[in-house]
Amino acid sequence: MRVPIVLVHGLRTSRTMWRPQVRALREQGRTVVAVDLPGHGCRRGEPFTLGGAVEAVRDAVDSVGSAALVVGLSLGGFVSIAAAAAYPQRVAGLVAAGCSARPVPGWASMYRIPTVLLDRLPDRGQAVNERFHRLTLPADGAEAVLDGGLAMEAGRAVIEEVTGVDVLGLLASYPGTVWLVNGARDHFRIHERLFLEACADGRLLVVPRAGHMVNLDQPEIFTRLVMDAADAVAGRSAARE
């Protein structure tokens, strides 16, 4: 039995950021769904709430017909952790990438200030962000991100919703296996040891030569990690039957 996979994107991006993984996983005969969170991708214009984002993950899992491996990056990692805590029977395993930093008020302030400044630009920082992605990602990775559009307008609401969430408590309440995956150069890995200690059954994997967008910096390695996690979850489920 193969476990289906649900992919959850990061802040301002959309489901298209998972293009390398969706293509590779489907070529391997895997069932995979990438979701758009409220306020992003095809759902731009909708208000972002953490509760609504968790519901989007739940609905995606329900769409594949059985419990799934949920894979989230950055904002998607926080949302996936919250979804796993809320619906543990639907989340067969969890890959939380690029999100090993507690969203405490001091942390949020570092992101709130530039978000406010970007909002004052005529395009809300669209051109700056497009250039950033083209400079920091491989060409095909940048195109995967930009093809779904950048929801610059969602930044402030996301920060306010996520700030203060007890991510460690949510992790601790989830009984399944968690893979914490971080790029070696990712600034979001500052609390990774605390995250690992919070997991009931956790693994910490650091990908060399990768930054925050680890799935696009090292797409082959990241895809292999996801497949290995899905196979591990399937093996454990089979052993229990």
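Quick note: the coordinates plus some simple rules give every number you see, no bench work behind them. Since we're looking at a predicted model, the values are computed, not measured. Every residue, glycine among them, receives a Cβ derived from its backbone with ideal geometry; neighbour counts consider all protein chains shown.
Between residue 183 and 98, 207, 214, the built amide H atoms are under 5 Å apart, and every one of these is 5 or more places off in sequence or on another chain. Ranking 184, 195, 226 by how far each Cα lies toward the positive end of the dipole of the range 156-241 (charges on Cβ) leaves 184 at the top.
Using C-alpha pairs under 8 Å with a sequence gap of at least 6, the mean separation divided by the residue count of the range 1-51 gives a relative contact order of 36 percent. By the Cα gyration tensor, the chain has an equivalent ellipsoid whose semi-axes, rounded to whole angstrom, run 27, 19, 17 from largest to smallest. Annotation: amide H of residue 7 within the under-5 Å range of 33, 34, 35, 71, sequence separation 5 or more or interchain, hydrogens built in the peptide plane. Take the Cβ atoms of residue 201 and residue 127, set R0 to 41 Å, and the FRET efficiency comes out at 0.40.
Taking a Cβ cut-off of under 11 Å around residue 207, the surrounding Lys, Arg, Asp and Glu residues balance to a net charge of +1, with basic ones at +1 and acidic ones at -1. Ranked by the mean number of other Cβ atoms within 10 Å per residue, highest first, peptides 5-13, 53-61 order as 5-13, 53-61. If contacts are Cα pairs under 8 angstrom and at least 6 residues apart, what is the relative contact order of the chain in percent? Contact order relative to length: 25 percent.
Here the chain is treated with +1 on each Lys and Arg Cβ and -1 on each Asp and Glu Cβ, and its dipole about the Cα centre works out to around 240 debye.
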